[in-house]
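See below for the structure under consideration.
The values are calculated or read from the model by the stated rules, or taken from the named source; none is laboratory data. Since we're looking at a predicted model, the values are computed, not measured. FYI the Cβ positions are ideal-geometry reconstructions off the backbone, even for glycines, and counts take in every protein chain you see.
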Amino acid sequence: MNHLMELHTKEERIQLLSKTVAPFGERVRHLPADAFPYENFKDLQNIGYPALTVPKEDGGAGITVDELVSYQQIIAQADGSTGLSIGWHMGIMKDLGETKPWKENVYKKVVKDVVENGALLNSAATEPATGSPTRGGKPETTAVKKDNGWIITGRKNFTTLSPILTYFIVSASIDGTDDVGNFLVKHDLEGVNVEETWDSIAMRGSGSHDLVLEDVHLDKDALVEITSNQKRKPAGWLLHVPACYLGIAQAAQKDAVAFATSYSPNSIKGTISELPNVKQKMGDLELLLLESEHFLHAIADKWDKAEEEIRNTMGPELGAVKLSVTNKAVRGVDLAMRVVGAQSLKLKNNFERYYRDVRAGLHNPPMDDMTVIQLADKSIREL
């Protein structure tokens, strides 16, 4: 199996990645509704994908955000669940490598596992009582100091990739204090269990089950970060989210165009792609995706080239990309299905999966209402 880390150009990596993900969609289509696509992630691990965002000095490829979102679009075109899920790992690894918030010995151990073994990690921050962590709720998961270590107990939901994660970054309230911290929890520890609760109609293959922690004993270094006194900074790596939904809409467009240029009912000469009403929809769809492509990559490129001072001002722009691209993706999938007509509703087609998966983007952070308020405040500040 070829390895992405051995390739030196973006074009070479795109070629290998495209070849690797080609079977993903067909594979997912034949899985039961609640099944997890283990093979998709194994294929990505086999070509070294999880290490691409790790800095070069730590053994990775140190790719830019702009390069990352290009790859995420390719994966999401094959399968949205796989794209969104691996995107969380990729983004968090990039952020950890750039900001280095953890003790070096803990970070180095995790990075070595990612580079050498394709280990995966994700944040476990959402809880039933608090909702999205971006809303500011305090975790009900608790960490109690004991015997020079910690005992952590609680339940997290929406824990994407939970069946195959090696590490969970768990937010917890620290007992006896007002602090909230992030704790690094290995999947194989006693008391760590994944309860298969994921019953969403969208992103079925993301394995976003509940993480249940029952008196899990951790060593003192497991507390990797105190987060309660930190102001949330803009995060360019979160552009993997709109990249995923743009990829889904691009897949829908490809299928719609393929259908329109081949379908020829006996009531017309040629194919339906030559009909004005169909061309109108195809043109509208192309415009939406062009706008999204340019907006996404322009802001990703700006982030990559910006100093920290500029990055700290980019929150409204990053949110605007997510809002614009995901909403356009929802509309884009709808237009693609209108091109195909009633046949787009058949279960044997991919459109039902695109239709379900793309809607999940409306509920990924940052939320549209928060972004709109940020944009309003930005316009007021800059008057």
Open item on the list: Please go through (1) of a type outside the set (Lys, Arg); (2) under 18 Å from residue 237 (Cβ atoms); (3) not assigned by TED's automatic domain parsing to the domain that holds residue 242 for residue 325 and return the number of the only condition it doesn't satisfy.
Closed with: (3)
Open item on the list: Just checking, does the stretch 116-127 include any residue being charged (D, E, K, R), in contact (Cβ under 8 Å) with a residue 12 or more places away in the chain and closer than 26 Å to residue 363 by Cβ?
Closed with: yes
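Within the stretch 134-154, is even one residue hydroxyl-bearing (Ser, Thr, Tyr), at pLDDT 95 or above and surrounded by fewer than 21 Cβ atoms within 10 Å (Cβ to Cβ)?
Taking the stretch 134-154 and keeping what is hydroxyl-bearing (Ser, Thr, Tyr), we get 134, 141-142, 153.
Adding the requirement that they be at pLDDT 95 or above leaves 141-142, 153.
Checking the rest, the ones that are also surrounded by fewer than 21 Cβ atoms within 10 Å (Cβ to Cβ) come to 142, 153.
The answer is yes; a qualifying residue exists.
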Task: Residue tally, condition over 24 Å from residue 186 (Cβ atoms) and assigned to a helix (DSSP H, G or I), over the stretch 224-239 - done: 3
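Return yes or no: is residue 204 basic (Lys, Arg) and surrounded by 14 or more Cβ atoms within 10 Å (Cβ to Cβ)? First the steps, then the outcome.
Numbers: basic (Lys, Arg): yes; surrounded by 14 or more Cβ atoms within 10 Å (Cβ to Cβ): yes.
Against the criterion (basic (Lys, Arg) and surrounded by 14 or more Cβ atoms within 10 Å (Cβ to Cβ)), residue 204 qualifies.
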Open item on the list: If I filter the stretch 81-103 for residues that are among the small types (Gly, Ala, Ser), surrounded by fewer than 22 Cβ atoms within 10 Å (Cβ to Cβ) and over 20 Å from the mean Cα position of the chain (by Cα), do I get at least one hit?
Closed with: no
Task: Selected residue [within 22 Å of residue 202 (Cα to Cα), of a type outside the set (D, E, K, R) and within 23 Å of the chain's Cα centre (by Cα)] from 323, 290, 318 - done: 323
Task: Conditions (1) surrounded by fewer than 21 Cβ atoms within 10 Å (Cβ to Cβ); (2) more than 18 Å from the chain's Cα centre (by Cα); (3) more than 15 Å from residue 338 (Cα to Cα); (4) modelled with pLDDT of 95 or more; number of the one not met by residue 222 - done: (1)
- [ ] Mind checking which helices (runs of 4 or more DSSP H) fall wholly inside the stretch 303-359 and carry at least 3 residues that are buried (at least 16 other Cβ atoms within 10 Å of the Cβ)?
- [x] 315-340, 351-358
- [ ] Working carefully through the options 212, 185, 194, find the one that is closer than 26 Å to residue 104 by Cα and either modelled with pLDDT of 95 or more or aromatic (Phe, Trp, Tyr) (or both).
- [x] 185
Open item on the list: It is to be established whether one or more residues within the stretch 34-45 are outside the structural domain of residue 302 (by TED's automatic domain parsing), more than 27 Å from residue 365 (Cα to Cα), in contact (Cβ under 8 Å) with a residue 40 or more places away in the chain and surrounded by fewer than 18 Cβ atoms within 10 Å (Cβ to Cβ).
Closed with: no
Open item on the list: Tell me the residue from 164, 151, 86, 169 that is assigned to a loop (DSSP other than H, G, I, E, B) and among the hydrophobic types (A, V, I, L, M, F, W, C), please.
Closed with: 164
TODO: Could you tell me whether any residue of the stretch 369-381 is at pLDDT below 95, assigned by TED's automatic domain parsing to the domain that holds residue 255 and assigned to a loop (DSSP other than H, G, I, E, B)?
DONE: no
